[in-house]
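Take a look at the structure set out below.
The values are calculated or read from the model by the stated rules, or taken from the named source; none is laboratory data. What you are looking at is a predicted structure, and each value in this text was computed from that prediction instead of being measured. Don't worry about glycine lacking a Cβ; one is built from the backbone with ideal geometry, like all the others, and counts go over all protein chains shown. Side chains included, ligands, DNA and RNA excluded: accessible areas come from the protein's heavy atoms. Shrake-Rupley method; radii C 1.70, N 1.55, O 1.52, S 1.80 Å.
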Amino acid sequence: MGKFLCGPHVAVEFDDRVLAHLQIVISAKLRRRESMMFSWRDSADSGDGRTSVWVHPLADVAFKFYGHRKPAVNAEWVDALMLEANKPGGLQLIEEPGAGAGAPLAHHNPISASGAVLVGRQIGADHGRPHHLSVNRSR
């Protein structure tokens, strides 16, 4: 599992393979000095809603990979994610073409009523389905 970090309040865990594809797309947008929304669907255990973050060229963005090997990149998935990123609604994390794993969900969206960050836990990757996410963020 790796992490996408955006500013001081957003830390989202992804499988390293998913994170590698997101890094290519988000880096391309930021290199062109373009801003966008980045959104994902929350799981039922975190309210079954959506979470979105505004990613812009002045944002502190980091990609932390926990595996030491670079994952294989699927050019078709990069193209599909880039098309999403260029839509008015911004980048939506979509399933890898041909994977048949379903739409990705964010698990355990830990925002308390006070806005304090709760410690997140990662839900298992369910037999090769790399789209499970954990979110740690505060207001």
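Name the single residue, out of those in the range 1-28 being of a type in the set (V, I, T) and in a strand (DSSP E or B), that is nearest to L93 (Cα to Cα).
So in the range 1-28, the residues of a type in the set (V, I, T) come out as 10, 12, 18, 24-26.
From what's left, in a strand (DSSP E or B): 10, 12.
Numbers: V10: 16, V12: 12 Å.
Restricting to residues being of a type in the set (V, I, T) and in a strand (DSSP E or B), the top hit is V12.
Being in contact with a Lys or Arg (Cβ under 7 Å, 6 or more places away or on another chain) and at pLDDT 90 or above is not true of P88. The residue list V119, V73 contains one member that is open to solvent by 50 Å² or more (accessible area, probe 1.4 Å), of a type in the set (V, I, T) and at pLDDT below 90, which is V119. Residues in the range 59-83 that are of a type in the set (D, E, K, R) and touching a residue at least 12 places away in the same chain (Cβ under 8 Å): D60, K64, K70, E76.
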